[in-house]
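Reading through the structure tokens given below for one structure.
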Amino acid sequence: RRVHGQYLIESVIPVENDDEVTMPLVDYMALYKTVRKSQFSSPPEPFLLTSFEAHGIAEKTCTKFDLEIKLTVLKDDWVEIPLLPSTVAMSQVSIDPSNKNDIFEHCTSIRNDTISLSLKGKGSFTFKCVIQNPYENSRRNSVNLCTPKCSSGKVTFTVPQQNNIQITMSPFLTRKLEIKDSKTILISSVPPTNEVKIQWTEVTVTQAQTETKEEIKSPEEQIVTSIQETSFSVGEGILVVRSKFDLVLVHTSRSSFTVNVDKRLRLLQIDGYEIKRWRFTEAVVDAKEKEIQGSRVIPSQPSSSSSQSEQVQTSNLKTLHVELNIAVVDSYTFTVTMEMNTGGTSVKNFELLTPFCEDVSREKSFILVETRTNVEVNEVSSRGVTPLDVSEIPSSLRSLSTNAVCAYQSLYPRESSITIDVTKHQEAEVLITSIDAAYFELVAAAEGKIIHRVRLNVRNTHRQYLRATLPEGYSIWSTVVASVPTKPAVDKEGKLMIPLKKANSKNDSSSAAFLVEIVFVTQILPFEKKGKVPIHLAYIDVPINILNVSLYLPRHLNYNQLSGDLEKVKYFSNHFTPAVAQR
């Protein structure tokens, strides 16, 4: 065998010529493995982004960051390295190799909405630039910093103000807040990510005593508008309530929200941005508000230490407190999903209380009542709501409903309630499997054997097996379901069980008819010159709409006086057409 000469530097094997050697197979395999190990494959990526550092400051019109990225190029050819999205303004670009003697070429370009660095030359480099990011809101206290996805990252952000400034960042691994030279500085390490959100707010003296900041004092009027969409899904003994709150904040910010809900509800899930934690407390209102709250208040026992006008009333509501990691401005959306037991599948005068948000200037609520199961819902009475057609409610709420019953609008959700009756009726049997057409072919031999070929066009939505009672002494030749050979089973009563396919959804093509074919052999009495021969057919436990039977008998005999459950005809008015299997 020919072996590469450069790997045979020293050999104790006699060499007959310059190009060929003879060696044992064991030595050759060892040499082959050594050569394979020395041939390194190319790396999966031609570059590595090791780390980055970003030093930013909040200016009047935008934020400015000095960005430094350390990277390694693993091949000598041109390599394109995506760095940042094209939404940022980049300037003062420079690149320095770790080895000053390295020769390389580089340029920056924009491709597919991404700022990329094209570099030719193998080695380690440091890429430096200055980027400018716009503010995310009109208050100029929030910015999204786009970063390269490196193994490690460090972000330092400076706000040129030192009095009661709170800076938050997400995501982060560690963070430290410093005040230096009349500036507030946040130093943070971040995990591998493509975006870092930074937000800063001014905390007043009163707010500094609490854990979170509720509002920013401003000479302008502070307005918080709440638009909520609530759906009540009525089932058999279960009520699921889903409320979506869209909040618009003008001249203010919030880091926590409070929502009053029915005391009987259990919380399932809260969805929203930067939610820190949540908790429930019992809702209490002053006695002066009893007339406003209406039926939502249950009077408590009078207190000896307070006058009647100052008595605290226990509400049949409870308050959900939602706290955020940051103070949000402009707008915020969160969704609360809850459930409760209705006390039975059929209930009378069941009251639906609409969740509502506290401490808002204006509010509007859209309400939808729907049924999730086979129950009937009728409205008994309503208060504080205006009936709407289902088409008039927002599409975002309407799309969540599969069987909407009624819809409402309320301009003051804290005063609204709806009383309904829920009735569960007795369910009727539904045919879940049917046979559109069936064709039985029987071929009888003179010695008494009959070959049965049973073909069925079946529709199935739920059933697992088709059961067939076959004549005694049968022997199965084959069973096919939708053109696929299938192995049948036998239950304890001796019935043949054939597994069926079923529809997975309403639009599934498997809800169409498919062909089931059974071929088996039975033994009867031999055909004599004279006599009677009973022939039994297969019995299927599914209703058959159209049944055709063809019986083929030996030709050397005459047959008459046919009797049984079937009618002899000259031709079939409905010819059997096998269902085509859906692929």
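The values are calculated or read from the model by the stated rules, or taken from the named source; none is laboratory data. Keep in mind that this is a model prediction, so the values were computed, not measured. For neighbour counting, all protein chains shown are included, and Cβ atoms are generated from backbone atoms with ideal geometry for every residue, glycine included. To get the accessible areas, we keep the full protein, side chains included, count just its heavy atoms, and leave off ligands, DNA and RNA. Shrake-Rupley method; radii C 1.70, N 1.55, O 1.52, S 1.80 Å.
How large is ³J(HN,Hα), in whole Hz, for each residue of segment 229-242 in order, when computed from phi with the Karplus curve 6.51 cos²θ - 1.76 cosθ + 1.60 and θ = phi - 60°, using x for Gly and Pro?
10, 10, 10, 9, 9, 9, x, 7, x, 10, 10, 10, 10, 10
Mind checking which lysines have their C-alpha under 16 Å from LYS75, skipping anything on the same chain fewer than 8 residues away?
Within the straight-line cut-off, LYS75 pairs with LYS120, LYS122.
Going down the table (LYS64/LYS276; LYS529/LYS570; LYS183/LYS318; LYS149/LYS364; LYS244/LYS424), which pairs top 32 Å between alpha carbons?
From LYS64/LYS276; LYS529/LYS570; LYS183/LYS318; LYS149/LYS364; LYS244/LYS424, over 32 Å: LYS183/LYS318; LYS149/LYS364.
At a 1.4 Å probe radius, which order do LEU173, LEU265, LEU400 fall into by accessible area, largest first?
In descending accessible area the options line up as LEU173, LEU400, LEU265.
Can you list the HN-Hα couplings for segment 355-365, worked out from phi with the Karplus curve (6.51, -1.76, 1.60; θ = phi - 60°), rounded to whole Hz and with x for Gly and Pro?
These are the phi-based 3J(HN,Hα) values: x, 8, 8, 8, 6, 10, 7, 9, 8, 9, 10 Hz.
For segment 468-570, which chymotrypsin sites (Phe, Trp or Tyr not before Pro) are in a loop by DSSP, counting at most 11 other Cβ atoms within 10 Å?
TYR559
With every protein chain kept in the model, how would you rank THR252, THR577 by accessible area, 1.4 Å probe, largest at the top?
THR577, THR252
State whether segment 47-102 is rounded, prolate or oblate according to the following rule on the C-alpha gyration tensor (a ≥ b ≥ c being the square roots of its eigenvalues): a/c under 1.5 gives rounded; otherwise a/b larger than b/c gives prolate, and the remaining case gives oblate.
The shape class here is prolate.
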